[in-house]
Amino acid sequence: MIPQSFIQDLLNRVDVVEVVGRAVQLKKAGANFSGLCPFHNEKTPSFTVSPAKQFYHCFGCGAHGSAIGFLMEYQGMDYVEAIKELAQSIGVPVPEEDRLPPQQRQQQQAHSLTLLDALARARDHYRHALRGATRAIEYLKGRGLTGEIAARYAMGYAPDGWQTLAEVFENYQDPTLLEAGLVIDSEKDGKAGRRYDRFRDRIMFPIRNLRGQVIGFGGRVIDQGEPKYLNSPETPVFHKGSELYGLFEARQAIREAGAAIVVEGYMDVVALAQLGFTHAVATLGTAVTAQHVQKLLRHTDAIVFSFDGDNAGRKAAWRALEASLPLAADNKTLRFLFLPSEHDPDSYVRTLGAPAFATALQEALPLSQYLLQGLCEGKDLTLAEERARLLHEAKPFVQALPAGALRLQIVRELAQRAGSSADEVAQLYELRSAATPAAQAAQSARQQQRPQAAQRLNKNRPQPSARRRVLLLLVTHPQYLTWLRDPQVVADFLPEPTQLAAFDLLTQWATEDTAPASFPALVEAARVLPEGHPLNLLLQEALAEDWLMELDAEAELQAAFHGFRRQKLEQDMRAALDAGDVARYRSLDQQLRQLQQRQS
């Protein structure tokens, strides 16, 4: 493992403008640089690189990161490869921590390559087997597929034999085959039994990562049988919750079409591609995750979820909606297509043709409409109790949406259906928080000292609550995380419920010697978190706020923490007074006076 201290020093020494500028033509735009985003197809620049934050961010597709992140996303490097590339560019060696010697790191990399090599050899075996499998070929032809599409997706056939991979691998008992998910070891009476191929008599769909490497397989039965689809298990190189079938093949088509179609099955993807819809991808036997949505939004601004028209398909669509809510920005279009219950995308496009499916895509429900329809379904809104139930059930969905115009519009429509006002719903959902007197005084001082930054803040977005403002300042100026080592500061803070996980993590980092000391370093430390983690959502919000870098963070944080302390003391004084505890009241009053003296 590469020491965090080295990564922080590396990010301080490289210039993200120079790194990005090697791939993107950048022009000076005020304090930042801008250009056409390399991650999605656009004509008007929405891609910004900030020298102050040492960060890039696209307001179109949401792609963002440090110099390390750019090499990973743009050049397909893994984390370690990106760090080594940057280190080499400035002529410094990459150290390894003692607990993970270079030899062990090399062994890990070699092991991953061994797994990938085994999967590639299996793919070649399945492709070769398809050429002589008359029944499999006739099945594919019957589904309307040509050899061109089969070749584009590297489709193959797993022969109907128990150990056909023994023809490919000299040592069929090699543990690599089991770890790669290519074989299964049966057990009998707790003892190892016979080993056999995982995929037998199935059409094979290789799953490739964005670098084109085979990381797993999906296999479909030719005749009747269960399971209909069989997928590779989780392995060190294959994680279903973050991978999408067909994304490698569809990348360019997605950019050209300006949208991605998400379906459930491998056959749906290839059937749509056969009729010209080459911008379709599929989940891998799992529900749509936030990672899936985030990954697609790096390639396009629009996603259409098209699942089967039965009950299972509708449940899958609702789970996709839940995963999408935190990423439903104002500049994104997320829609849901529901086909007749007797059809999936494959059968629909084969039966009714490409024009009918193109029309259906245009008529797909926008996220807002689907959300409101789903929440109102089955409720008699002429009754006060049912309207109250609607508002109760809608609350977590609305709170999951990022602040912006879309959430505002949904709140207004929801309020209309519930017979309330938008302000009442916003207050009920705690979408606004009043600033404390201390925060209001600090804001007044900031407007006098830094009028331009304050005016931009007031003009461009709603004022964040005092506690959210502190979190934004801490993530953009993580050198002040050490203040969270004070138990009194932590006890007084009382974060909002939606930010508790982010605050807890920042507090944990504050106690570590390797705590992130710069904004890019903090982002890299957060890389292991799920896309929908509150800290990642907080980072995305901080990316677009240049005013955060212009403020005197130390003074802002000091004033805020004093305000929180004063609030807590006043609250405790009222409690002591109510309880008749005069001694405690006087002690707290003395603490409050001392605090006021320090502030003045």
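Counting pairs of alpha carbon atoms under 8 Å apart in space and at least six apart in sequence, what relative contact order in percent does the chain give?
On the way: 853 pairs, mean separation 59.0, N = 600.
10 percent.
Placing unit charges on the Cβ atoms only, positive for Lys and Arg and negative for Asp and Glu, gives region 217-307 a dipole magnitude near 220 debye about its Cα centre. Assuming charge only on the beta carbon of Lys and Arg (+1) and of Asp and Glu (-1), the dipole of the chain about its Cα centre is about 980 debye to the nearest 20. Highest average first, the peptides 366-376, 303-313, 578-588, 479-489 ordered by how many other beta carbon atoms sit within 10 Å of their residues are 303-313, 366-376, 479-489, 578-588. What would the Debye equation give as log₁₀ I(q)/I(0) for region 330-396 at q = 0.28 Å⁻¹, counting only Cα atoms as equal point scatterers? Those come out to -1.15, one per q. The ellipsoid that matches the Cα gyration tensor of the chain has semi-axes, each √(5λ) in whole angstrom, of 48, 31, 24, with the longest given first. Rolling a 1.4 Å probe across the protein heavy atoms gives the chain an accessible surface of 47 Å² per residue. FRET efficiency for the pair residue 352 and residue 52, taken as 1/(1 + (r/R0)^6) with r the Cβ-Cβ distance and R0 = 60 Å, rounds to 0.65.
Projecting the Cα atoms of 376, 360, 394 onto the dipole axis of region 352-411, where Lys and Arg carry +1 and Asp and Glu carry -1 at the beta carbon, places 394 farthest toward the positive end. Neighbours of residue 248, meaning other residues whose beta-carbon lies under 12 angstrom from its beta-carbon, give a summed charge of +3 when Lys and Arg score +1 and Asp and Glu score -1. Taking every DSSP bridge with both residues inside the chain, close to 75 percent are antiparallel. Under 15 Å of direct C-alpha separation, and excluding same-chain neighbours fewer than eight residues apart, residue 27 reaches these aspartates and glutamates: 18.
Can you flag which of 43/332; 315/379; 228/315; 141/315 are past 21 Å Cα-Cα?
Values: 43/332 16 Å; 315/379 19 Å; 228/315 19 Å; 141/315 32 Å.
Beyond 21 Å between Cα atoms: 141/315.
Protein-only accessible surface at a 1.4 angstrom probe places the residues 395, 141 in the order 141, 395, largest first.
Taking Cα atoms only, the orientation of helix 437-449 departs from the longest principal axis of the chain by about 90 degrees.
Peptides 293-301, 355-363 ranked from most to least packed, by the mean per-residue count of other Cβ atoms within 10 Å: 293-301, 355-363.
Within the straight-line cut-off of under 12 Å between alpha carbons, the aspartates and glutamates reachable from residue 84 are 96, sequence neighbours fewer than 8 places apart in one chain being disregarded. Atom-type composition of the exposed protein surface of the chain places 49 percent of the accessible area on carbon and sulfur (1.4 angstrom probe).
The values are calculated or read from the model by the stated rules, or taken from the named source; none is laboratory data. Quick caveat: nothing in here was measured; it's all calculated off a predicted structure. Ideal geometry is used to build each Cβ from the backbone, glycine not excepted, and the neighbour counts take in all protein chains shown. Just so you know, the surface numbers come from the protein's heavy atoms only, side chains and all, with ligands and any DNA or RNA stripped out. Shrake-Rupley method; radii C 1.70, N 1.55, O 1.52, S 1.80 Å.
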